[in-house]
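Heads up: the structure comes next, in structure tokens.
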Amino acid sequence: MITDILILGAGVSGLMAARSFQEQGKTVQVVDKGRGVGGRVATRWLGSRDQIRGRWDHGAQFVTLRSSRVRRRLHSWIGDDVLYDWLPSFSDPTLMRKVCTQGMNQLPKALAAGVTVHRAERIRKLEWTGSTWKALSESGAEFEGHQCLSTIPAPQMIDLILASELDLDPRMMDQIQSIEYERTLSLLAELDTPANLPDGGYVRPLTGVLDTVIDHQAKGISDSPTVTAHATPAFSLEWYDRDRIAAASVMRAALQEYVQCSIVQVQIHGWKFSTPVKRVPTAYLDLTEGLRMAGDGFVAGEDDAPASLHPRMESAMLSGLHAAQSWGD
Ligand SMILES: Cc1cc2nc3c(=O)[nH]c(=O)nc-3n(C[C@H](O)[C@H](O)[C@H](O)COP(=O)(O)OP(=O)(O)OC[C@H]3O[C@@H](n4cnc5c(N)ncnc54)[C@H](O)[C@@H]3O)c2cc1C
């Protein structure tokens, strides 16, 4: 199948772009290495699919909606029932943090409705055929589009560019290489009784071990008492490549100081590229003819949503929107 647009990455950036291209009447296919959509906007269940006892958001915990462009699109594409207000934001108490009723992954899932997404396909090489971009996956499958938008994180894009032997302008490579991410270790814990964490269930211990602890019962997405504890950047960096069981044990001990109940079970998840600490000051990059790159490594500011105020998920969505809306103009 050859589509007008081939998108790499079914995170919120790629999915917002896909919806926007489809709105413009273009044919789109999206390819992702994950089994589901959403990338770093991820939710795990406790129990079974038919009987979900609880949930953990173990990537993004909330989204800010400062940009009217993002608000308008979400309103028309997924409606107003998916997101609800959780807490005012730190930087501006009048602005709310929004969360999804069934965990944050509900948002990318809703965006993906009606979009062709090929899952569990890790792209290992990109080829320009003379009229299309062809993406070859590890499984041997091929996906083709007249234009290609990549929304995979910058370090993974660099690997893909090198493996594909793409001859890009060195200044372009410098820009991609300037994007840097933190690592994050996230502990998912089930408790025996409600955690009753203060501050609406979002506390920031900022100790040597834990950066943020989120009470999902207080947040409103879990019937059972579940919490996620994100480690500090320093702890995550130090422990990322070490024994995960040992890392989980240190994080569990640190978490125990914040919850007045027993921890029943824990799981640990490592995010190699969690949140960008250095971004490129443009909304997207044109790498070469017909090949564009977007995502949360880019600063996509607008008058009603200054770039400094909306890093991360909202920025990723805006970057995808800008990349799609300005192509072919
Ligand atoms: C622990 C943690 C906490 C966070 N908390 C918040 C928060 O509270 N609020 C907030 O706004 N943001 C938060 N963020 C950041 C937010 O999740 C990201 O900024 C946003 O989701 C990035 O979206 P994206 O589409 O740019 O990238 P991604 O979500 O990373 O999507 C890229 C996709 O590309 C796919 N991919 C990569 N390589 C390949 C390949 N070779 N072939 C095929 N597919 C590939 C990946 O599987 C992924 O699905 C958090 C992130 C983490 C990890």
message: I want to check the label-to-label distance for Arg171 and Gln256. Put each point 7 Å from Cα in the C-beta direction and report it in nm to one decimal.
response: 5.7 nm
- prompt: Which value, to two decimals, describes the C-alpha radius of gyration of region 6-147 once divided by 2.2 N^0.38 Å?
  reply: 1.17
- request: Mind running the shape call on region 181-329? Use the C-alpha gyration tensor, a ≥ b ≥ c as the square roots of the eigenvalues: rounded below 1.5 for a/c, prolate if a/b tops b/c, oblate otherwise.
  value: prolate
message: If I build a Gaussian network model for the chain, linking alpha-carbon pairs within less than 10 angstrom, which residue out of His75, His146, His230 has the largest mean-square fluctuation?
response: His75
- request: Quick one: angle between helix 12-23 and the longest Cα principal axis of the chain, in degrees between 0 and 90, rounded to 10, please.
  value: 50 degrees
Amide H contacts of Asn105 (H built 1.01 Å from N, under 5 Å, at least 5 apart or other chain): Thr43
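Compute the relative contact order of the chain as a whole-number percentage, counting only Cα pairs closer than 8 Å that sit 6 or more residues apart in sequence.
Numbers: 750 pairs, mean separation 70.8, N = 329.
This gives 22 percent for the chain.
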- request: Run down the aspartates and glutamates and flag those whose C-alpha is under 13 Å from the C-alpha of Lys219, throwing out any fewer than 8 positions away in its chain.
  value: Asp57, Asp85, Asp199
- request: Using only Cα positions of region 8-91, each an equal point scatterer, no hydration layer, compute I(q)/I(0) via Debye at q = 0.13, 0.20, 0.27 Å⁻¹ and quote the log10 values to two decimals.
  value: -0.56, -1.18, -1.37
message: Can you bin every Cα-Cα distance in region 121-196 into 10 Å intervals starting at zero and give me the percent of pairs per bin, rounded to whole numbers?
response: 15, 38, 22, 12, 10, 4, 0
message: Please enumerate, by chain and number, the lysines with C-alpha under 26 Å from the C-alpha of Lys134, excluding those fewer than 8 residues away in the same chain.
response: Lys26, Lys33, Lys109, Lys125
field: Positive minus negative residues near Gln61 (Lys, Arg vs Asp, Glu; Cβ under 10 Å)
entry: +1
- request: Grab the beta carbon distance between Ile245 and Lys272, set R0 = 22 Å, and tell me the FRET efficiency rounded to 0.05.
  value: 0.75
message: Using 10 Å bins from zero, what percent of all Cα-Cα pairs in the chain falls into each bin?
response: 6, 26, 34, 24, 10, 1, 0
- request: State the extension gain, in nm to one decimal, for the chain segment bounded by Glu142 and Ser178, taking 0.36 nm per residue of separation less the distance between their alpha-carbons.
  value: 10.0 nm
statement: Diffing region 249-266: the Karplus 3J(HN,Hα) column from phi (6.51, -1.76, 1.60, θ = phi - 60°), in whole Hz with x for Gly and Pro, holds 5, 5, 5, 5, 5, 5, 5, 4, 5, 9, 10, 8, 8, 7, 8, 7, 8, 9
- prompt: What list of ³J(HN,Hα) values in whole Hz, one per residue of region 180-186 in order, does the Karplus curve 6.51 cos²θ - 1.76 cosθ + 1.60 (θ = phi - 60°) give from phi, with Gly and Pro shown as x?
  reply: 10, 10, 7, 9, 9, 9, 10
- request: Once you have the Cα-Cα distance between Arg122 and Asp199, take 0.36 nm times their residue separation minus that, and quote the gain in nm to one decimal.
  value: 23.7 nm
message: Would you report the distance distribution of C-alpha pairs in region 183-271 as whole percents per 10 angstrom bin, up to the bin with the largest distance?
response: 19, 55, 24, 2
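If contacts are Cα pairs under 8 angstrom and at least 6 residues apart, what is the relative contact order of region 183-271 in percent?
This gives 44 percent for region 183-271.
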- line: So for region 1-50, using the alpha carbon gyration tensor with a ≥ b ≥ c as root eigenvalues (a/c under 1.5 gives rounded; past that, a/b versus b/c decides prolate or oblate), I'd call it prolate
- line: Longest principal axis of the chain (C-alpha) makes with the long axis of helix 68-78 (C-alpha) an angle, in degrees to the nearest 10, of 90 degrees
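Throughout, read-outs are computed from the coordinates displayed, never taken from laboratory work. Computed from a prediction, not measured in an experiment: that's the story for all the values here. Ideal geometry is used to build each Cβ from the backbone, glycine not excepted, and the neighbour counts take in all protein chains shown.
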